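Read the figures in this text as sums done on the coordinates, not as results from a lab. All values derive from a computational prediction rather than experimental measurement. Please note: Cβ atoms are built from the backbone with ideal geometry, for glycine as well, and neighbour counts cover all protein chains shown.
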Amino acid sequence: MNLIDKVVEAFSPQAALKRESARVKLETVKSFRNSGYDESGAARNKNSMKGWLASSRTPQEDIDRNLSVLRQRARSLYMSAPLAVSSIKTNRTNIVGEGLRLKSTIDADFLGIPPDEAAQWQRSAEREFNLWAQSKFCDSTRVNNFYEIQQTACMSWLMNGDACVLLERERPTRELPYGLRIHLIESDRVSTPHTTGNSVNLYAINPDNGNRIFNGVEVDSENRVIAYHVCSTYPNSNLYARKEWKRIKAFGDKTGTPNVLMIYETERAEQYRGVPYLAPVIESLKQLTRYSEAEMMAAVINGIFTVFVKSDKGTSEFAFTGVVDEEDRVSDDDTNYELGPGMVNMLAPGESVEFADAKRPSTNFDAFTTSMAKYVGAALEIPVEILVKHFSSSYSASRAALLEAWKAFRMRRSWLAADFCQPVYELFLSEAIASGRLKAPGFFLDPLVRMAYCGAQWNGPAQGMIDPEKEVDAAEKRVSLGVSTRQRETIEMTGGDFDSNVAQLAREAQLMKEAGIFPSAPVKQTEKKKQEEDGGDEDETEETKTDGNQPDGGEEPEPEDE
């Protein structure tokens, strides 16, 4: 209490109590004001935070406003920056590879189908789907088959932020009895009508229904996606003078099946367009590319062997170097300076030689670029060993890096399968059943029956093995302990199918038996190690192991003649 409080307390204890109570409340408010993030990330009184003017708004303002510039720069890096190319193609190769393959897995228990009949139906569905997927006619542009479209869609998704797929119909033909067609378009074409150049209409209103349009995506009053507006050409291209926009409904009015598939990674709620994969590291990759180019140019300049001769003479007295005709001589001095193997040049008094050295490439170049690669790889969820394709660590470290990268690869593969492959397969299956090429009672009557028939797995490239012997031994132990299955291990290790392997192995065994070839039983790893530790084969007899078992002075008996 200060002097005033003591005086008030002497004349009016009640007033003094109110003053003390108010002081306690004020201290409490101050303590809350200076607690939590206000003392760290949200501090406004720290010198390190005063110049940080962060401003975040809606996803449309933060993302759509800058999306065009992000795409252009991401594409530029893909065409010029090695690490950018590696990050995108590494994802493409591990997520899709040669293409995600269909493995039909219907719910036979719910459908009441015996296992043999279920397996037969699954093989028939896979056979019909491959008939459509392996044909280039499944593509509206007649350029790629379904598996090649997956590769392009994955790269478009990573490079542009999203990939847009239009699902179209054509008349079936004798060669391809299915009318489903896939039309993969560039993300730029999905745009707000009357967008010109690189400008983006962030917000527009559909005059027909009053819906809002965000960067080509039309949403209703409940923020549900209703339609997409697709330009007839690239909005930022001058190749075509006339640009027209077509409104495509996101889902069919009667069937509810999708007409447009938008593949992208959602970062924020109510986000309708994706962000390019390289967006967080665009500046780092560009600066690293500039630094690499500067070091490369300095090394080239340093490779040009330049010699300077210093002299105390004037320029008029300095001898001309080189080979010239007698009538072209500018000096009577016979001194001539040349560079060559074993060449000895005599310098005149007052002259010395200096060599140009740019001190490049820098000794810290490799360490710096490796550190930046780690920095970039951490943001892109790719360990530096996989990003630069250089494994110089131990087996455990390399395997840990591979496992960490595959967490992200599997996640993106599941996204691609759920947003692209599975919807396409369900539309195909509907057409196959409606046309009578596949039989599925109740498919169009009960959503549960439809879901049971549409069950599928999409298998892509396997993770790969650093030490195959150790990996196979670990897989064998997982199966024996019941923590995994042969089907799962086959997919994880080789990307194959266990059922197909069993059928092929049975056929091969039958062929070898008919040919009189009997393969030897494989030796397990534990038995092999034991044999190596013992120093010989366990089947060796005591007489052949050591010479000490022979009688003194005795000789080994010669084999009898047959």
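Data overview
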read-out: Contour minus Cα-Cα distance for residue 53 and residue 152 (0.36 nm per residue); value: 31.7 nm
read-out: Cα-only Debye scattering, segment 99-198: base-10 log of I(q)/I(0) at q = 0.17, 0.19, 0.21 Å⁻¹; value: -0.88, -0.98, -1.06
read-out: C-alpha center-to-center spacing [segment 430-476, segment 224-284] in angstrom; value: 29
read-out: Length added when fully stretched, residue 379-residue 137, from 0.36 nm per residue minus Cα-Cα; value: 83.2 nm
read-out: Computed lengthening from residue 61 to residue 237, 0.36 nm per intervening residue step minus Cα-Cα distance; value: 61.0 nm
read-out: Estimated inter-spin distance, residue 43 and residue 312, nm [label 7 Å along Cα→Cβ]; value: 6.4
read-out: Local electrostatic count at residue 236 - Lys and Arg +1, Asp and Glu -1, tallied over other residues with Cβ under 13 Å; value: +2
read-out: Neighbour net charge for residue 409 - beta-carbon separation under 11 angstrom, K R +1, D E -1; value: +3
read-out: HN-Hα J in Hz across segment 11-25 - Karplus 6.51, -1.76, 1.60, θ = phi - 60°, x for Gly and Pro; value: 8, 8, x, 5, 5, 5, 5, 5, 4, 5, 5, 5, 5, 5, 5
read-out: Under Karplus coefficients 6.51, -1.76 and 1.60, residue-wise ³J(HN,Hα) of segment 246-258 in Hz, glycine/proline x; value: 10, 8, 10, 5, 5, 9, x, 5, 8, 8, x, 7, x
read-out: Computed label-point distance, nm, for sites residue 435 and residue 300 using a 7 Å Cα→Cβ extension; value: 5.6
